[in-house]
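Shown next, in structure tokens, is the structure this report addresses.
The values are calculated or read from the model by the stated rules, or taken from the named source; none is laboratory data. Quick caveat: nothing in here was measured; it's all calculated off a predicted structure. In this analysis, Cβ positions are derived from the backbone assuming ideal geometry, glycine residues included, and neighbour counts consider all displayed protein chains. Areas reflect the complete protein model, heavy atoms only, side chains present, ligands, DNA and RNA absent. Shrake-Rupley method; radii C 1.70, N 1.55, O 1.52, S 1.80 Å.
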Amino acid sequence: MAKSEQVDANIPEDVGIDASELTSKLDVEKIQSMADQVFQQILAWAQSPQFYAQLGLITAAVIFAFLVSKLVGRYFKAPSDPPQPGSMSTWRGFLYRLKGVLFALFAFIFLGVAVALSDATVNQSWLVKIAQGLSVVAVIYSVSRQFVNSNAVKKFVKWVIIPIAVLYVFGWLDDITAHLDSIKLQLGNISLSL
């Protein structure tokens with residue numbers, strides 16, 4: 001087969017796909033207008049001094065949380081191996097594992113202070129509240145990583161609790177819960193909802 005053959009790529013008209021049906025479902029102009037609105041909103045945020053003030057407060061809170069967690073974490077020593085009687089080894093082990101949660105915990109605390117400062121100075125704190133909500137997710141993850149020994153519980157926290165916390169942070173949990181409650185399965189006089 002030295003000669004190249006041309007393949008007829010014309011789609012027959014009786015395939016059952018209506019081009020007007022596809023374009024009505026996938027309205028390119030609508031998608032472009034939505035993308036333009038998102039771009040305009042991002043551009044407005046990028047030109048807003050309130051946005052930069054909140055970004056600065058978030059950065060300062062995270063830096064302070066890092067510094068304080070390193071400063072406090074220096075005093076949490078590893079427990080002696082093997083544990084000596086009367087040495088409070090279980091308490092020392094708890095404090096040593098707590099060292100892994102300190103950054104997320106202090107980030108949550110300092111972001112709470114940043115929310116108050118942002119409200120007092122620039123009269124808005126939506127970005128700082130989102131960062132504080134994400135720090136709650138980090139606290140949940142750190143606690144499960146440091147203190148939970150069961151792999152099943154760790155996976156439950158990772159795949160159920162943390163997504164629920166993220167949905168709550170962004171304010172989508174109530175909408176999704178309402179939508180799942182609206183889905184019902186009728187089996188005779190038994191009604192099951194998600």
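Quick look at the values:
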{"read-out": "The range 120-132 residues that are of a type in the set (A, V, I, L, M) and part of a helix (DSSP H, G or I), paired with ones that are at pLDDT 90 or above and surrounded by fewer than 16 Cβ atoms within 10 Å (Cβ to Cβ) (beta carbon under 7 Å, 6 or more apart)", "value": "127/55"}
{"read-out": "Test: residue 173 is under 30 Å from residue 126 (Cβ atoms) and surrounded by 13 or more Cβ atoms within 10 Å (Cβ to Cβ)", "value": "yes"}
{"read-out": "Test for residue 176: is it of a type in the set (Val, Ile, Thr), under 11 Å from the mean Cα position of the chain (by Cα) and assigned to a helix (DSSP H, G or I)", "value": "no"}
{"read-out": "Selection within the range 40-71 - open to solvent by 40 Å² or more (accessible area, probe 1.4 Å) and polar (S, T, N, Q)", "value": "40, 41, 47, 50, 59"}
